[in-house]
Each structure stands twice: as structure tokens, then as C-alpha cells.
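Beneath this line is the structure, given in C-alpha cells, with notes to follow.
The values are calculated or read from the model by the stated rules, or taken from the named source; none is laboratory data. None of these values were measured; they are calculated from a predicted model. Heads up: the accessible areas ignore ligands, DNA and RNA and are worked out on the full protein's heavy atoms, side chains in. Shrake-Rupley method; radii C 1.70, N 1.55, O 1.52, S 1.80 Å.
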Amino acid sequence: MDISARLQQLEELVRTAKPMPMSSTVRVNLPEILEILEAAQAELPEEIKQARWVVKDREELLSKARRDGENIVAEAQEERFRLVSREEVVRTAHAEAERILDEAREMARQIRLEAEDYVDAKLAQFEIALERTSAELERSIVQVRRGRDKLRGVSVAEEEFGPNEQEEEQ
């Protein structure tokens with residue numbers, strides 16, 4: 001029997017006890033009450049032990065739950081830190097890639113401008129060389145014509161003024 005049953009027995013004895021005449025006191029069977037109290041006292045340490053075990057188990061369970069909760073929070077914070085770090089690495093990598101692309105574009109633009117300047121300078125030199133060559137060719141052509149005209153017997157006046165002008169003067 002447990003302590004609660006023993007206490008109910010005591011309560012029942014007191015309720016069913018016969019009242020004393022002209023008084024609010026009741027008569028109870030003392031040996032029976034003492035027996036119930038002794039049995040309750042004997043059972044009490046076992047109940048207290050069980051209660052202590054329950055409290056201890058509860059505290060251990062709460063402590064374990066608290067530790068588990070703290071571990072979960074710590075793991076979540078580590079995961080958040082890892083994700084933030086990874087995101088920062090990705091963001092930094094994107095920024096670095098953009099910087100490298102911008103540098104490459106600028107270098108390509110500079111190289112293109114330098115190549116255009118170089119080609120323009122070479123074309124200008126080629127133009128000058130062609131103009132000199134053209135002038136020399138014209139002089140050579142004039143000399144060749146004079147030589148041919150001399151061979152044909154054309155006079156210097158015809159050479160300078162042309163055949164029609166000399167005939168008009170005559």
C-alpha cells in the first residue's frame with residue numbers, strides 16, 4: 001500500500017470514529033491509528049526515494065536537454081558563420097573577377113589604341129614613301145618622254161609647249 005492509501009485509511013478512521021457525548025471529540029482506536037502511522041512511516045522513505053529519483057531524473061533530463069539545446073545553438077551559429085564565410089568568399093571572388101575583367105578590358109582597349117596608332121604611323125610613312133615614289137616616277141616618265149621625243153626629232157619648244165602651240169604660231 002502506498003502513503004496515499006495509508007492517509008485515506010487514517011482519514012476514514014477519524015470520520016467514522018464515534019463522538020464523545022456532549023463534545024466535539026471523537027474516540028479512535030489508538031493501536032489501529034499507530035499501526036497505520038508506522039506503516040506510513042515505513043513506506044515514506046521508499047516514496048521519498050522514488051520522489052528523489054524522479055526529481056534527479058528530471059534534473060538530469062533538463063540538464064541534458066539544456067546541453068543539447070546549447071549544442072544545437074552552437075552548431076547553428078557555426079553553420080551560420082560557415083555560410084556567411086562562404087558567401088563572403090563568393091562575394092569577394094565575384095568582386096575580384098570583375099576587377100580582373102575590367103583590367104583586361106582596359107588593357108585590350110589600350111592595346112587596340114596603340115595598335116591603331118602604330119598602323120596609322122606606318123600608313124603615314126607608307127603614304128610619304130608612295131608620294132616620293134610617285135614624284136620620282138613622274139620625273140622618270142617626263143625624262144623617258146623627252147628621250148623618246150629627242151629620238152623622234154621633236155624640238156625642245158614642242159616639248160615644252162606641245163606640238164599644237166608651235167603650229168598655231170606658224
query: Looking at (1) modelled with pLDDT of 85 or more; (2) over 38 Å from the mean Cα position of the chain (by Cα); (3) not hydrophobic (A, V, I, L, M, F, W, C), can you tell me which one residue 105 breaks?
result: (2)
- request: Take the stretch 3-59 and flag every residue that is open to solvent by less than 70 Å² (accessible area, probe 1.4 Å), in a loop (DSSP other than H, G, I, E, B) and not hydroxyl-bearing (Ser, Thr, Tyr).
  value: 17, 28
